[in-house]
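The values are calculated or read from the model by the stated rules, or taken from the named source; none is laboratory data. All values derive from a computational prediction rather than experimental measurement. Here the Cβ positions follow ideal geometry from the backbone for every residue, glycine too, while neighbour counts run over all protein chains shown.
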Amino acid sequence: MAKRSSLSKGLAVAFVVLTVSAIGGMVAMVTLFKIQMNGINATALPDTTTPSPTPPPIMRLPKTLVPELYEISLHTDFYSRIIEEVNVTSPNQSTLFTGNVTIHFHTVQSTDLIYLHCKDLDVSHHPSRLLNKEYNIGIKIKSMTQYQNQSEFLVIQLEEKLQAKMNYSLFLSFKGQMSTYLESLFVSTYTEAYPSRDFEEYSDTLRYAAATHLKPTQARTLFPCFDEPQMKAVFKLTLFHRVGTFAQGNAEMEGSDIMSEEWKQTRFVSTEKMSTYLFGFTVSEFKATDSPKGRVSIKTYTRPEAKEAGHAIYAANITRTILLFYEDRFEINYQPLKIDQIALPDLVTTGMENWGLITYQEASVLYQEGVSSLLHKEKVATVIAHELAHHWFGNLVTMSWWNDVWLNEGFATYSSYFAVDHVEPDFKIKDILIMRDLHEALKEDALITSRPLAVLPDDVQTPSEIKEMFDTVSYSKGAMLLRMLADFVGETAFNQGVKTYLKAFRGATTETTDLWQHIESARLVKNTFTVSKVMKTWTEKQGYPVININTTNGEIFQKQFLFNGSITSSHWWYIPIWFMKGSLETAFLWLAVPGPVKKEEFISGKDWILANVDCLGFYRVNYNLENWQRLLWQLEYKPDRIPVINRGQLIDDALNLARANLLDVTVALNFTFFLRNEREFIPWDSAVKNMEYFFLMFDRSQVYGLMQEYLRSQVTGLYEFFANETNASDVPKTHSLQHSQILAIKVACSNGLPECLEMVESKFGDWMNNGTNKIHVNLRSTIYCQAMAAGGQAEWDFAWEKFQSSTDSSERDQLRHALSCTRQTWLLNRLLEYSLNPDKIRLTDVASVVNDVAENPAGQALAWNFIRAHWDYVSQGDPVWLIEAVTRRFSTKFEVEELQRFAEQYDLGPTVRAVHKAIEQTQVNMNWVNKNKDRVLQWFKVITAHLDDK
């Protein structure tokens with residue numbers, strides 16, 4: 001599953017249960033099981049027990065039963081379209097679904113209790129049957145108790161005990177409602193042009209597609225099941241859906257029959273053995289774009305309009321290439337023989353790796369040449385690479401429990417670097433992707449409220465705790481630690497160990513220690529620093545180290561890096577250190593003690609030392625002041641002697657060390673001097689992201705104007721370089737320079753460089769006046785945003801109209817973001833109010849809208865008040881991201897108190913840790929600002945007073 005990124009209120013009100021259709025569907029489904037159920041006496045069941053105030057004695061399923069096969073039959077009542085014309089009776093939409101499941105399982109030991117997961121399903125008034133398959137004997141059911149607490153158990157008490165090592169089947173019927181959130185079985189809406197009865201006119205008509213999103217614990221809301229990842233089984237699905245719609249499932253279609261004028265039955269062959277969260281299906285009128293022919297059939301399904309416009313061609317083409325790359329890299333071919341990719345208008349995450357049926361937010365997979373930007377093309381390639389990698393890491397080999405979810409997400413993130421580099425070699429994007437994940441993970445893991453990468457299983461029990469595991473630590477830190485591991489054991493040994501790991505656990509589940517054993521076995525040269533010994537210090541402890549090097553006497557020591565310097569930690573790590581002295585060849589050594597210890601290798605003489613070359617290690621480096629000054633001189637006068645990736649990291653380390661009060665803030669800010677002559681993207685990107693913290697802390701003070709003046713001066717050279725090369729209307733040829741150009745325009749315009757503002761006004765005004773958008777696709781997002789910031793209601797209304805009318809998902813994303821750039825607070829309020837109406841802004845995009853408004857200095861307070869007033873609605877998307885977005889400027893005691901009240905007043909669910917982190921970060925910000933504001937102000941005053949001398 002890729003990282004996280006609507007249903008209409010009117011539609012929700014209009015959902016009416018079509019009772020006649022439901023009964024017809026149930027009759028049809030029960031008929032399917034008639035032969036199987038012959039000779040078995042039905043048990044009359046009492047009502048399911050009402051919710052218990054206390055949970056059952058355990059939160060995990062007992063190990064007494066093991067599922068082998070689910071035979072699932074589902075009847076979905078929803079309509080894919082509702083046409084309303086004069087004198088024609090229009091049906092009401094329905095979200096009812098009904099179904100039954102036969103669970104085939106075997107017993108490990110004798111028991112008279114069956115524990116299943118079941119949530120929001122009515123199973124209390126339907127016939128249920130349990131069969132001993134060895135003797136064809138029915139077992140009587142005594143009672144059923146459904147817990148509505150966080151265990152979400154359905155417990156079946158039997159009249160007699162099941163025998164050990166025997167095979168049984170359990171038949172259950174159920175009914176439920178499709179989710180009004182974007183999880184479980186839900187409806188996604190879109191519009192398509194529909195002809196009038198005489199075909200003379202076309203008008204936009206609502207269409208509906210049904211889809212599932214069951215990760216991590218939503219399979220239990222679709223059918224009763226053993227909903228834990230290690231409980232793998234085979235699934236065989238039969239779907240009843242309306243004529244005119246098409247169904248896709250995990251496996252290939254076995255057959256499809258028209259049952260009546262209204263109903264159609266689609267049967268699928270049995271799946272591979274897989275976890276419940278990977279089960280999925282869709283029902284829609286979508287059309288397929290085929291990938292180039294190959295052993296595996298690959299189809300990308302989209303709205304018909306998007307298919308006709310060719311928006312899925314790029315995704316279809318690269319999917320085959322990426323698949324072949326992974327098959328060669330891991331030496332295991334993809335099974336089964338089909339991949340369906342579904343581009344949904346609504347999905348809570350950017351992508352979901354259902355086996356054989358990958359779902360995406362359509363903005364993450366559709367690409368239109370000439371409309372979609374370079375950054376969007378990169379996003380499509382990266383998301384597809386991530387989801388396809390999950391076939392090996394997650395689907396084929398699955399973590400035993402959610403505490404090790406990093407084995408899925410960290411590996412998929414890490415693998416995507418190489419896949420994108422393979423499918424788009426001209427992008428040369430691997431280092432950019434790595435640095436973004438590295439910096440994000442280092443920032444996330446510098447708070448005491450962070451967590452270990454691999455937590456104890458007992459600490460991850462409830463659905464809320466499980467959802468919290470899908471965070472930057474699992475994705476980005478996991479990927480960075482794999483990269484570090486691959487380097488110190490060697491790429492050959494690492495890749496060989498991964499191959500044997502995948503082959504050994506194919507179709508099974510694993511734990512982190514299993515991976516260490518296989519990579520250690522593949523090492524050609526053994527040493528005392530075993531994989532397990534080293535990596536346990538990185539995965540079982542929260543945080544990461546900063547290593548402190550004194551180049552005068554060679555003394556080195558480590559301690560945990562934390563933004564809150566008042567907290568002491570005894571954690572220490574086995575640290576692999578790659579370093580260079582005065583741009584000579586890279587050397588390597590281990591720091592295997594807390595220190596301090598003296599290493600002659602770190603005595604520099606008159607030269608500088610640079611540690612963590614190529615940023616292969618997951619740590620920060622601090623030096624004595626003399627070495628910092630030598631590195632600064634090198635960046636000023638001969639920067640090419642330092643690798644470009646380390647030029648970015650020196651900025652990131654220095655400014656974050658200053659945030660932790662481990663380095664004087666003025667020394668850290670000095671590391672932005674050399675940027676006036678820098679053309680590479682990575683150092684500039686690092687500086688801009690880190691300077692954002694200074695803007696967040698000081699954009700309500702007199703420092704703000706001085707910071708803008710300084711950045712205008714620093715970026716002028718970069719902006720003029722591209723203006724001279726491209727006349728600010730085209731893009732350079734190389735990919736890395738295109739990144740730099742986009743950044744240059746953003747920094748120049750947002751800090752008021754006159755030439756940039758004139759260019760924006762000219763280009764956006766030309767579009768408004770002439771109706772033709774001549775702005776290059778790479779530059780649109782930045783130019784749109786800056787036009788809103790400099791303009792008023794006329795520009796905003798123009799952008800809103802274009803947003804509403806655009807059918808291209810990437811263009812809509814750019815326009816939606818631009819709308820949040822206005823400095824008019826009443827327009828920002830209007831945008832927030834619009835986000836409550838899914839007919840205007842999809843639920844999928846609400847978190848992005850709030851985030852974008854909160855980034856705007858004029859909108860932060862509006863966004864914070866907004867989410868508190870509408871928490872139940874806005875938290876349906878990505879509540880963790882929402883909390884991070886609206887609190888990033890917090891730096892006062894009053895704001896700490898507001899967060900504490902917020903935590904007391906709302907049911908936060910999986911957002912609890914995010915709120916605690918926000919409280920900690922706010923306290924850190926408050927202390928840092930109080931300590932450093934005068935020094936920061938003085939530094940910018942001095943620098944801006946002497947800009948002409950630089």
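Here is a check on your reading of the model: is Asp685 under 29 Å from Met926 (Cβ atoms), touching a strand residue (DSSP E or B) at 6+ places or on another chain (Cβ under 6 Å) and outside the structural domain of Val613 (by TED's automatic domain parsing)? Taking the combined requirement at face value, the residue does not satisfy it. The set of residues from the range 252-271 being buried (at least 19 other Cβ atoms within 10 Å of the Cβ) and either part of a loop (DSSP other than H, G, I, E, B) or of a type in the set (Ser, Thr, Tyr) (or both) comprises Thr266, Thr271.
Candidates in the range 704-742 are the residues that are modelled with pLDDT of 90 or more and of a type in the set (S, T, N, Q); of these, the one that is surrounded by the most Cβ atoms within 10 Å (Cβ to Cβ) is Gln741.
For every residue, the table says whether it meets (1) among the hydrophobic types (A, V, I, L, M, F, W, C); (2) surrounded by fewer than 15 Cβ atoms within 10 Å (Cβ to Cβ).
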| position | (1), (2) |
| --- | --- |
| Tyr873 | no, no |
| Trp881 | yes, no |
| Val886 | yes, no |
| Ser891 | no, no |
| Val915 | yes, no |
| Ala918 | yes, no |
| Thr922 | no, no |
| Asn930 | no, yes |
| His946 | no, yes |
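Pick from the range 275-297 the residues that are of a type in the set (A, V, I, L, M) and either in a loop (DSSP other than H, G, I, E, B) or touching a Lys or Arg at 6+ places or on another chain (Cβ under 6 Å) (or both): which of them is farthest from Phe226 (Cα to Cα)? Looking at the filtered set, the residue picked out is Ala288.
Restricted to the range 121-160, and to residues there that are charged (D, E, K, R) and farther than 21 Å from Gln177 by Cβ, the residue that is nearest to the chain's Cα centre (by Cα) is Arg129.
Evaluated against (1) more than 34 Å from the chain's Cα centre (by Cα); (2) under 21 Å from Met259 (Cα atoms); (3) at pLDDT 95 or above; (4) not acidic (Asp, Glu), Phe33 falls short on exactly one condition, (3).
Of the residues in the range 801-824, at least one is more than 22 Å from His376 (Cβ to Cβ) and either among the aliphatic types (A, V, I, L, M) or surrounded by 22 or more Cβ atoms within 10 Å (Cβ to Cβ) (or both).
Of all residues in the range 339-363, those satisfying the criterion of being of a type in the set (A, V, I, L, M) and at pLDDT 95 or above are Ile339, Ile342, Ala343, Leu344, Met352, Leu357, Ile358. For the structure I just gave you, tell me whether Thr822 is among the polar types (S, T, N, Q) and over 22 Å from Ser364 (Cβ atoms). In short, yes.
Restricting to the range 285-327, and then to whatever is of a type in the set (S, T, N, Q) and crowded, with 24+ Cβ neighbours inside 10 Å, can you tell me which residue is nearest to Ala389 (Cα to Cα)?
Thr319
When the strands (runs of 3 or more DSSP E) confined to the range 111-190 are screened for residues that are buried (at least 17 other Cβ atoms within 10 Å of the Cβ), those reaching at least 3 such residues are found at 111-117, 129-132, 141-146, 153-162, 167-177.
Any chance the range 908-919 includes a residue that's over 29 Å from Thr350 (Cβ atoms) and of a type outside the set (D, E, K, R)? No, because not a single residue in the range 908-919 is over 29 Å from Thr350 (Cβ atoms) and of a type outside the set (D, E, K, R). The single condition among (1) of a type in the set (A, V, I, L, M, F, W, C); (2) within 20 Å of Asn495 (Cα to Cα); (3) touching a Ser or Thr at 6+ places or on another chain (Cβ under 6 Å) that Leu407 does not meet is (3). Could you list all residues from the range 666-690 that are part of a helix (DSSP H, G or I) and of a type in the set (Phe, Trp, Tyr)? Result: Phe673, Phe674, Phe681, Trp684. The helices (runs of 4 or more DSSP H) found entirely in the range 372-478 that carry 2 or more residues being crowded, with 19+ Cβ neighbours inside 10 Å and β-branched (Val, Ile, Thr) are 374-389, 406-423, 430-444.
So if I check each of Asp290, Asp346, which one is closer than 26 Å to Trp402 by Cβ and among the charged types (D, E, K, R)? From the options Asp290, Asp346, the qualifying one is Asp346. Note on the range 743-757: among residues that are out of contact with any Cys (no Cβ under 7 Å at 6 or more places or on another chain) and assigned to a helix (DSSP H, G or I), the one that is surrounded by the most Cβ atoms within 10 Å (Cβ to Cβ) is Ala744. Residues that are of a type in the set (A, V, I, L, M), in a strand (DSSP E or B) and surrounded by fewer than 20 Cβ atoms within 10 Å (Cβ to Cβ) within the range 589-646 comprise Leu589, Val597, listed in sequence order. Checked against the criterion of being closer than 18 Å to Val593 by Cβ and surrounded by fewer than 21 Cβ atoms within 10 Å (Cβ to Cβ), the candidates Gly565, Gly554 yield just one match: Gly554.
Give the residue that is farthest from the chain's Cα centre (by Cα), with candidates limited to residues of the range 361-371 that are hydrophobic (A, V, I, L, M, F, W, C) and not in a helix (DSSP H, G or I).
The extreme case among them is Val371.
Contact annotation: residue pairs with Cβ atoms under 6 Å, 6 or more positions apart or on different chains, pairing a residue in the range 834-854 that is farther than 9 Å from Gly877 by Cα with a partner that is of a type outside the set (A, V, I, L, M) and part of a helix (DSSP H, G or I), are Lys840/Tyr834; Ile841/Tyr834; Asp852/His817; Ala854/Gln860.
So which residues in the range 844-870 are of a type in the set (A, V, I, L, M), surrounded by fewer than 22 Cβ atoms within 10 Å (Cβ to Cβ) and under 22 Å from Asp907 (Cβ atoms)?
Across the range 844-870, the qualifying residue is only Ala869.
Criterion applied to Ile577, Ile567 was being β-branched (Val, Ile, Thr), outside the structural domain of Ile434 (by TED's automatic domain parsing) and in contact with a strand residue (DSSP E or B) (Cβ under 8 Å, 6 or more places away or on another chain), and the one residue passing it is Ile577. On inspection, Val849 passes the criterion of being part of a helix (DSSP H, G or I), under 23 Å from the mean Cα position of the chain (by Cα) and at pLDDT 95 or above.
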